[in-house]
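Visitor: Right, I'll just put the structure down here and ask away after.
The values are calculated or read from the model by the stated rules, or taken from the named source; none is laboratory data. What you are looking at is a predicted structure, and each value in this text was computed from that prediction instead of being measured. Here Cβ is always computed from backbone atoms with ideal geometry, including for glycine, and neighbour counts include all displayed protein chains.
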């Protein structure tokens, strides 16, 4: 759930994407719970929801003007907010009865991009997830990456009429990071501007005090 304006908030659950109006605030509590209905909705299966892209407010319009990426384990949705809510895009990993028949497409790989991932970082154009430990000659953390389609505003005269996507695909990838024996992943953060990630790891525990370490990695 997130605020998208002073009057509206966005909620995603297993049943789809919903926008609700915020009731008028009063100085006294209501005598009974207020029931509100969504003012806009898009029904789709989001039982495997991972996270949303960051919410950025326009200081003049006092609302979120940028489309929101809704990342699931098997799909990617792009929600346009202006000039009016519109579900732009769904990209599914494979065609089956779980995918909307009018929007199912093939991903470039058959498996789920975040299968078995436990920690995620989601930005405006990229997302990555920690997949696990690779036990080769050297212990490594394995991470998967997902590149969202680009977004370009569509204008009519001087007014924005929505957004368009380019290119019409989702890029998948992976990479590994060497770590010490016994290190475990604690958290992960993504800096899209510099194309770097920050990982927090932990080692030890039990009779030995645990130690945390920060790993800063450039993925370019």
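Visitor: Are there any strands (runs of 3 or more DSSP E) wholly within segment 78-172 with 1 or more residues that are over 26 Å from residue 196 (Cβ atoms) and at pLDDT 75 or above, and if so which?
Guide: Numbers: elements: 86-92, 119-122, 126-135, 139-147, 150-156, 159-166.
Of the strands (runs of 3 or more DSSP E) lying wholly inside segment 78-172, those with at least 1 residues that are over 26 Å from residue 196 (Cβ atoms) and at pLDDT 75 or above span 86-92, 150-156.
Visitor: Looking only at segment 167-175, decide whether some residue is under 21 Å from residue 64 (Cα atoms) and either touching a residue at least 60 places away in the same chain (Cβ under 8 Å) or touching a helix residue (DSSP H, G or I) at 6+ places or on another chain (Cβ under 8 Å) (or both). Step through it out loud before you land on a result.
Guide: So in segment 167-175, the residues under 21 Å from residue 64 (Cα atoms) come out as none.
No, because not a single residue in segment 167-175 is under 21 Å from residue 64 (Cα atoms) and either touching a residue at least 60 places away in the same chain (Cβ under 8 Å) or touching a helix residue (DSSP H, G or I) at 6+ places or on another chain (Cβ under 8 Å) (or both).
Visitor: Return the total of residues in segment 6-21 being under 20 Å from the mean Cα position of the chain (by Cα) and surrounded by fewer than 11 Cβ atoms within 10 Å (Cβ to Cβ).
Guide: Total meeting the criteria: 1.
Visitor: Sticking with this structure for a sec: Condition (residue is part of a strand (DSSP E or B), surrounded by fewer than 12 Cβ atoms within 10 Å (Cβ to Cβ) and at pLDDT 85 or above) applied to segment 66-75: is it met by at least one residue?
Guide: no
Visitor: Is it the case that residue 201 is at pLDDT below 90 and either over 30 Å from residue 88 (Cβ atoms) or assigned to a strand (DSSP E or B) (or both)? Talk me through it step by step, then tell me what you get.
Guide: On the way: at pLDDT below 90: no; either over 30 Å from residue 88 (Cβ atoms) or assigned to a strand (DSSP E or B) (or both): yes.
So residue 201 fails the test.
Conditions tested, residue by residue: (1) surrounded by fewer than 17 Cβ atoms within 10 Å (Cβ to Cβ); (2) within 16 Å of residue 82 (Cα to Cα).
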{"site": "4", "(1), (2)": "no, yes"}
{"site": "23", "(1), (2)": "yes, no"}
{"site": "28", "(1), (2)": "yes, no"}
{"site": "33", "(1), (2)": "yes, no"}
{"site": "43", "(1), (2)": "yes, no"}
{"site": "56", "(1), (2)": "yes, yes"}
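Visitor: If you scan segment 193-211, which residues turn out to be surrounded by 13 or more Cβ atoms within 10 Å (Cβ to Cβ) and either closer than 18 Å to residue 119 by Cα or out of contact with any strand residue (DSSP E or B) (no Cβ under 7 Å at 6 or more places or on another chain) (or both)?
Guide: Across segment 193-211, the qualifying residues are 196, 197, 198, 199, 200, 201, 202, 203.
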